[in-house]
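To keep things clear, I will list the structure first and then write my remarks on it.
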Amino acid sequence: YLQAQVGKPIVTSSEDKKGFDIAFSVVEGDSFTIEKIGFEGNQIFDAATLAGVTESHAGETFSKEKIGKDIQKIMDRYGEKGHLFANVFPQVYPKPEKKTVDLTYHITEGNPYRVRHIAIVGNEKTRDYVNRREMRKDEQEQVNKVLLNRSFQRIHNLNFFEKIDIVPQKISEDEVDL
């Protein structure tokens, strides 16, 4: 519901006088249908490829939840090609008279990155090679965001550590340390 509105809260004392009841009036407005989806700034992937990974499609009901998932999926797709810092910004163009929207995803691809160095810090329970064998990427390889997430899961499954962080740090325009 693109034009949903939430009114001012109405606060009243609860029946038992130990708390408060808060009520909001909500006006949903009309639902909108996606008329057209476009992509701008994409050079690595064509529009058909990007449309293939999104959950939003022309002719469907507009959903902010789906747009959030689309953004993540598009960024993951770029992350598979080493573009760790790709950014996606959705722009919605409503057409109230037709109850439709045009949706454009503006993409900043950024540079592809390679792993310069992997630092394992705070490891006191096992040897470094145990953690390194769970990493799906090695030093001097192109970064793949999906494989980094899989590496995180594999290290987490070892149950050796309370907290695990795989944090890419930019070293140069084409290298990161993990």
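The table that follows gives values for the structure above.
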read-out	value
Options D128, D177: the member that is at negative phi and either at pLDDT 80 or above or open to solvent by 70 Å² or more (accessible area, probe 1.4 Å) (or both)	D177
Residues of the range 162-178 satisfying the condition of being in contact (Cβ under 8 Å) with a residue 60 or more places away in the chain, of a type in the set (A, V, I, L, M) and under 16 Å from R150 (Cα atoms)	L178
Condition check for K73: in a helix (DSSP H, G or I), in contact (Cβ under 8 Å) with a residue 12 or more places away in the chain, in contact with a helix residue (DSSP H, G or I) (Cβ under 6 Å, 6 or more places away or on another chain) and open to solvent by 50 Å² or more (accessible area, probe 1.4 Å)	yes
Boolean, K17 is open to solvent by 80 Å² or more (accessible area, probe 1.4 Å) and at pLDDT 95 or above	no
Checking Q140 against (1) without any contact (Cβ under 8 Å) to a residue 12 or more places away in the chain; (2) exposed (fewer than 12 other Cβ atoms within 10 Å of the Cβ); (3) polar (S, T, N, Q), the condition it does not meet	(1)
Residue under evaluation V6, criteria (1) open to solvent by less than 90 Å² (accessible area, probe 1.4 Å); (2) within 19 Å of V92 (Cβ to Cβ); (3) without any contact (Cβ under 8 Å) to a residue 40 or more places away in the chain; (4) of a type in the set (A, V, I, L, M), criterion not met	(1)
V88 being open to solvent by 40 Å² or more (accessible area, probe 1.4 Å) and either farther than 30 Å from K8 by Cβ or not acidic (D, E) (or both)	no
Contacts under 6 angstrom Cβ, first residue in the range 92-111 being touching a residue at least 60 places away in the same chain (Cβ under 8 Å), partner hydroxyl-bearing (S, T, Y), 6 or more apart	T100/T33; D102/Y93
Any hit, the range 146-155, residues being assigned to a loop (DSSP other than H, G, I, E, B) and either open to solvent by 70 Å² or more (accessible area, probe 1.4 Å) or under 27 Å from T49 (Cα atoms) (or both)	no
Members of the range 156-170 found to be of a type outside the set (S, T, N, Q), assigned to a loop (DSSP other than H, G, I, E, B) and loosely packed, with under 14 Cβ neighbours inside 10 Å, listed by number	L158, E162, K163, D165, I166, V167
Number of positions in the range 34-65 that are open to solvent by 50 Å² or more (accessible area, probe 1.4 Å) and in contact (Cβ under 8 Å) with a residue 60 or more places away in the chain	5
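The values are calculated or read from the model by the stated rules, or taken from the named source; none is laboratory data. Bear in mind the structure is a predicted one, so any value in this text is a computation, not a measurement. We place every Cβ from the backbone using ideal geometry, glycine too, and count neighbours over all the protein chains shown. Remember, those area values only see protein heavy atoms, side chains included, never the ligands or the DNA or RNA. Shrake-Rupley method; radii C 1.70, N 1.55, O 1.52, S 1.80 Å.
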